[in-house]
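Taken together, the values in this text are just the output of simple stated rules run on the coordinates, not laboratory data. Computed from a prediction, not measured in an experiment: that's the story for all the values here. Counting neighbours? That spans all protein chains shown, and the Cβs are built from the backbone with ideal geometry, glycine included.
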Amino acid sequence: MAETDYFVEYAKSGRSKCAAGKACSAMIEKGELRIGVHFTTSTPMTKYRHWRCVTSKMIENIGDPDDNLGGLESLTPEDQELVRKAFADGFVAGGTEEEKEGAKAAAKLAADAERMRAKAAKDAEKEAAKAAKAEERAQAKAAKEAEKAQAKAEKAAKAAERKAARDAAAASKPPPATKRTRKQSAEQQGESAATGEREVDSAGRTRAAAAKRRRVGDADE
């Protein structure tokens, strides 16, 4: 079974490449703080990482740095404090992993914001379409009601015209004769006839008197 030894040191040259994979593959500069992982196998090998590329999983695997991390005492007091703080926190502050997690968080926030924006736009589009349909229905209803009102007004106008025509026709006709008016008319006609007869008789008597006077005058001569 392979054994793994962890140690920290300052890079002796600038030829080592960071073994953090996709997270970082940059060269480790000479004198830069790095962590080494030595694998004891049939073919021993050592891989290095920038100190900033140490992951929380590696810190968890190492455990107590004073017992399980070689080379700690060879570092400057400042770097020893830096290493111990990372083990106390469980991650390297400002390290690649934190940056990666921060980038992931930022990407997630951006994706969430984009989804929310897209959803808001879609909801707004739906609301606009819904409002447009409601407005269209309202306009159609108003137009239909206006059409009905116009038809009703036209019908009322025609009815008024017909009534006015009937009233005018009725006004131009003489009132129908009633029993009373017929009696009055007959009486008036009778009176007219009697008056005519009296006038005829009077005229006859007048003519007879005149003739008589003429005869008397003739006799006297």
**OP:** Give me the distance between the Cα centres of region 1-33 and region 46-85, rounded to whole Å.
**Re:** 12
Original post:
Tell me, what HN-Hα J-couplings in whole Hz come from the Karplus equation 6.51 cos²θ - 1.76 cosθ + 1.60 at θ = phi - 60° for each residue of region 91-96, using x for Gly and Pro?
Top reply: 7, 8, 5, x, x, 4
**OP:** Return the long-range amide H neighbours of MET27 (sequence gap of 5 or more, or a different chain), with a cut-off of under 5 Å between placed amide H atoms.
**Re:** CYS18
Original post:
Could you name the lysines in cross-link range of LYS183, using Cα to Cα under 28 Å and dropping any fewer than eight places away on the same chain?
Top reply: LYS173
Original post:
Ranking PHE7, PHE39 by Cβ neighbours within 10 Å, fewest first, what do you get?
Top reply: PHE39, PHE7
Original post:
Based on the alpha-carbon gyration tensor of region 3-93 and its eigenvalue square roots a ≥ b ≥ c, which shape applies: rounded if a/c is under 1.5, prolate if not and a/b is larger than b/c, or oblate?
Top reply: rounded
Subject >> Subset of LYS17/LYS57; LYS47/LYS85; LYS122/LYS148; LYS17/LYS85; LYS12/LYS85; LYS22/LYS57 violating a 27 Å alpha-carbon distance limit >> reply: LYS122/LYS148
